[in-house]
Amino acid sequence: MVRGVSPFMLWYRTVKHRLYLCNGPHCSVRGARALRSALDTALWDAGILAETQITISGCQDHCDHGPNLLVQPGGCRYVALDAERLRAVVQQHLAGNTPIAEWLATPEMRRSGGG
Ligand code: FES
């Protein structure tokens, strides 16, 4: 252990991707809550679970197109996810460094007024 550095900070420095899975009200009714376990499984299967931070977020302002996942770094927001698409995002974007452009949010999808 590095003196003066917590185990959390040591792990945090190894994180390559930070994922924000929307569990706001609109995404939740479209199945976002069930995607959490699918996300864990996909990350485990890809061998990158330990280097990925997952945050369950509130509304991401793209309610009409959820469930949504924001990937950082890069600011890629995936929309209309299901377990199959989520697995593809993990394999192609996170593990393969190739974002899936056709599943990314566009500026027109942003909803004004929150939700
Ligand atoms: S509830 Fe998910 S973007 Fe608004």
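A few comments on the model shown:
- Cysteines having no other Cys beta carbon under 4.7 Å from their own, within the chain: Cys59, Cys63, Cys76
- Nearest 10 degrees, 0 to 90: helix 32-46 Cα axis against the chain principal axis: 40
- Residue ranges 26-33, 92-99 sort as 26-33, 92-99 when ordered by packing (mean number of other C-beta atoms within 10 Å per residue, highest first).
- When shorter helices are ignored and each DSSP H run of at least 4 residues is given -39500 (n - 2.57), the per-residue value for the chain at 222 nm works out to -8000 deg cm²/dmol.
Only the coordinates and a few stated rules stand behind these numbers; no lab work does. Computed from a predicted model, the values in this text were never measured in an experiment. Don't worry about glycine lacking a Cβ; one is built from the backbone with ideal geometry, like all the others, and counts go over all protein chains shown.
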